[in-house]
Every structure is written in structure tokens, then in C-alpha cells.
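The values are calculated or read from the model by the stated rules, or taken from the named source; none is laboratory data. Every value quoted in this text rests on a predicted model; they were computed, and no experiment measured them. Glycine also receives a Cβ, built like all others from the backbone with ideal geometry; neighbour counts cover every protein chain displayed. Keep in mind that these areas ignore ligands, DNA and RNA; they rest on the heavy atoms of the full protein, side chains included. Shrake-Rupley method; radii C 1.70, N 1.55, O 1.52, S 1.80 Å.
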Amino acid sequence: MNRCLFCQEVYLPSWELGNLWTRQVTCPTCKIKFVKRGECVDCGKPGSPCCSDCTAWRQQGLTLQTTPLYLYNEAAKEFMRRFKFLGDTALLEMFTDDLKKVKIKQAVLVPIPLSTERLADRRFNQAELIARQMRGKIAPYLSRLEGPAQSKAGRQARLARSNPFCVKNDVKGKNIVLVDDVYTTGVTLRQAMFRLKEAGAKEISAVTLFRSV
């Protein structure tokens, strides 16, 4: 018998062949609440091979292939409330197997940083914890200026804000995978990409837990 990390109910683990080599921490009822990414090849939004947002980004020369694991539905919002804002970091084990399967080749994992103020308030960087679940080297190539929490900013405010990132180390010629929790407008990831490209990084892609819809 197992106890589900998400709902805390006791359940019988599955004995299907595909589950024998993984640690089952989520009950079947909770597991199906998390919906896999959609069709957009650039950001995982449902409905189109390339959504209108990513088409616009491409036209600006700001293509960024992002791999989200799941869509940001009600179950995902509850997960983020407990993981990010209540500090229940153990919940992240729900997605460890999925994160380890993400192919990053020879790239370096770069978590999207928090400002010093935000990090002191929260005491952990959720993007860094996500990156630790993946198979790859983590490097803190970026720092972030002080500013308001972007989780509380509306779409237009996110699109209009100035670039808060600085590159701390030599990234010339490096392949980088940015890591964050939720892809919302794509602005944060592209601002980080812009700074890294400006500093000489070679190829940049991204991984997130969720894609907002």
C-alpha cells in the first residue's frame, strides 16, 4: 500500500510492466488530473502545431523551443500553491521520473533565478529544485535584479517590463536549457535567452513543469 503525495489517500500501486521500475508516489486518481502538454512545437499550448503567440515570437526572431510537462490546469495550480507558496517541496517528487526523461543532450541547465529579496522571502528557488530533478549539470549563469513578483503581474505588465537579468559567467559557445516552473507569456524565458545570447551562448531551449492555457 502507498500513500499519495498529492491527496494523502492510501492506494494500491500499479503492477503494470511500465510502472515496475519507477517509484509510484501518486495515486491513479490524482495522476490523471495532470494533463500532458498540447500540440504547439514551441511552447506546448493546445490546439495548433504553432500557436499564435509563438508565431508572433518567430516573426520577431525570438523562437524558443520550450518543453512543458503538463498544462496549467486546476490540479497544477493546487500543486504550485502547495509547492511554491507553502513550501511543500517534497511534492516535486511527483514529477521526478518525467523530468529525468527530458533529453538535454550536452546542454547546461540554467534555472531562472529569483531576486535576492524574493529568495530570502521564499528561502528556495523553485526553478533550481526542478533542475535538480533532471539529469544534467546545473550552472547559475544568471542573476536577477530586484523587482515585483511576476506571478502577481498581468499579461500586459509582463510584456512591458524591462529585462531583469544579468549574465554572471562566461557562456560563450555553450548550449543551455533554461528551467522554470510555469510558462505563461514566454517573456521571462525570452528575456533570459536574450541576455545569454547577447553574452555569446550558442543554443538555448527551455523546460518547464507547466504551460499556462
Most mobile of Thr29, Thr185, Thr89 in a GNM of the chain (Cα contacts under 10 Å): Thr29
Treat every Asp and Glu Cβ in the range 1-98 as -1 and every Lys and Arg Cβ as +1, leave all other atoms uncharged, and give the resulting dipole magnitude about the Cα centre to the nearest 20 debye. 160
Along the positive direction of the dipole of the range 1-155 (beta-carbon charges: Lys, Arg +1; Asp, Glu -1; about the Cα centre), which of Pro49, Leu99, Leu62 reaches farthest? Leu62
Solvent-accessible area, 1.4 Å probe, carbon plus sulfur percent, for the chain: 52
Rounded to one decimal in nm, the spacing of the 7 Å Cα→Cβ label points at Thr55 and Glu146 is 4.3
At what distance in nm do the modelled label points of Asp97 and Leu119 sit from each other, each positioned 7 Å from its Cα along Cα→Cβ? 3.3
Per-pair calculated FRET efficiency, R0 = 45 Å: Lys202 and Lys33 via Cβ, rounded to 0.05: 0.70
Can you give the longest stretch of the chain with no exposed loop site, where a site means chymotrypsin sites (Phe, Trp or Tyr not before Pro) in a DSSP loop (not H, G, I, E or B) with at most 11 other C-beta atoms within 10 Å? 22-213
In Å and whole numbers, how far do the C-alpha atoms of the chain stretch along each principal axis, longest first? 52, 40, 35
Per residue, accessible area of the range 1-145 with a 1.4 Å probe, heavy atoms of protein chains only, in Å², comes to 59
Counting each DSSP H run of 4 or more residues in the chain as -39500 (n - 2.57), what helix-only mean residue ellipticity at 222 nm follows after dividing by all residues, to the nearest 500 deg cm²/dmol? -7000 deg cm²/dmol
